[in-house]
Amino acid sequence: MRRVEIIANIASGSVGADAPAVAERILAEHGVAGTVHTPGGDLSACLRKVIDSDPDAVFIIAGDGTARAAAEMSGPDGPPIAPLPGGTMNMLPRAFYGDRAWPEAMEACLTQGTPRMVSGGEISGRLFFVAAILGSPALWADAREAARAGKLRLTALRARRAFRQAFSGRLRFTLDGRPKQKTEALTLMCPLVSSAMDEDELALEAAAVDPSNAIEIFRLGVSALTGSWRDDPSVSMGRCRLGKVWAAGRIPAILDGEPMRLEPEVQIRFRPKAFRAVALPA
């Protein structure tokens with residue numbers, strides 16, 4: 001790599017105010033040219049400017065939302081993206097770099113990194129590369145974020161809201177033309193991280209999640225956040241390349257660790273070529 005552009009969000013979970021200086025030092029030590037950008041209010045404009053400058057790679061030191069946005073914007077034809085861990089969950093960084101801290105992951109990318117095409121999923125135009133959770137268990141993400149921030153009262157309020165909304169709006173879905181079904185939640189896992197699929201498999205791992213009471217919703221909410229949801233007895237597995245999900249109101253969701261609300265009806269699609277990542281040797 002001759003030129004690497006870096007976006008460092010110093011306000012993000014585990015980045016730190018000294019991140020720009022540390023990143024510049026690492027670039028200099030490896031003889032790589034580049035600029036460290038610290039975006040203000042307009043993150044999208046900063047990402048667009050950096051990606052359009054066509055560097056050899058773009059390194060992202062930020063949270064899950066920024067990593068996902070950068071990968072989505074660069075796509076399969078843009079510069080490779082290195083999503084370095086700078087947030088709380090770090091779902092995409094962990095998939096590529098394990099538990100390395102961002103300075104260690106950055107050095108590994110500069111010395112060993114190679115471009116690699118990555119598949120992913122798409123939900124009504126929004127891409128994800130690790131996992132998506134649709135339905136009421138996604139509401140536990142809001143409580144989790146409040147707990148991480150030490151806001152106990154807000155955590156309790158959001159947890160009560162998650163309980164209150166359980167079973168208030170079940171999802172309906174159909175996958176790959178199969179019969180319509182109802183469920184409390186639908187989870188989609190990409191080949192990048194699925195332990196039940198080969199990495200080059202051309203489909204998403206889909207799980208209909210249908211607990212029978214609020215206690216099971218709580219258990220599932222916890223397991224979804226800790227990554228052990230596959231072991232939950234209310235989960236049934238399958239594969240998906242195309243699908244549709246709909247509900248009576250807006251659908252709570254988590255895409256690669258980022259909470260959001262989706263439209264009442266969404267389309268699901270597997271993307272075999274979603275973006276190029278800076279990957280390390282296996």
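The values are calculated or read from the model by the stated rules, or taken from the named source; none is laboratory data. Values in this document were obtained by computation on a predicted structure and should not be read as measured data. Here the Cβ positions follow ideal geometry from the backbone for every residue, glycine too, while neighbour counts run over all protein chains shown.
Summary of computed values
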{"quantity": "Residue that is modelled with the lowest pLDDT [pool: residues in region 113-165 that are in a loop (DSSP other than H, G, I, E, B) and surrounded by fewer than 22 Cβ atoms within 10 Å (Cβ to Cβ)]", "calculated": "ALA149"}
{"quantity": "Filter result for MET91 (over 19 Å from VAL22 (Cα atoms) and either free of Cβ contacts under 8 Å to residues at least 24 places away in the same chain or of a type in the set (A, V, I, L, M, F, W, C) (or both))", "calculated": "yes"}
{"quantity": "Test: residue in region 209-218 that is modelled with pLDDT of 90 or more and crowded, with 18+ Cβ neighbours inside 10 Å", "calculated": "no"}
{"quantity": "Residue in region 240-250 that is of a type in the set (A, V, I, L, M, F, W, C), in contact with a helix residue (DSSP H, G or I) (Cβ under 9 Å, 6 or more places away or on another chain) and at pLDDT 90 or above present", "calculated": "no"}
{"quantity": "Residue in region 88-106 that is polar (S, T, N, Q) and over 24 Å from LEU280 (Cβ atoms) present", "calculated": "no"}
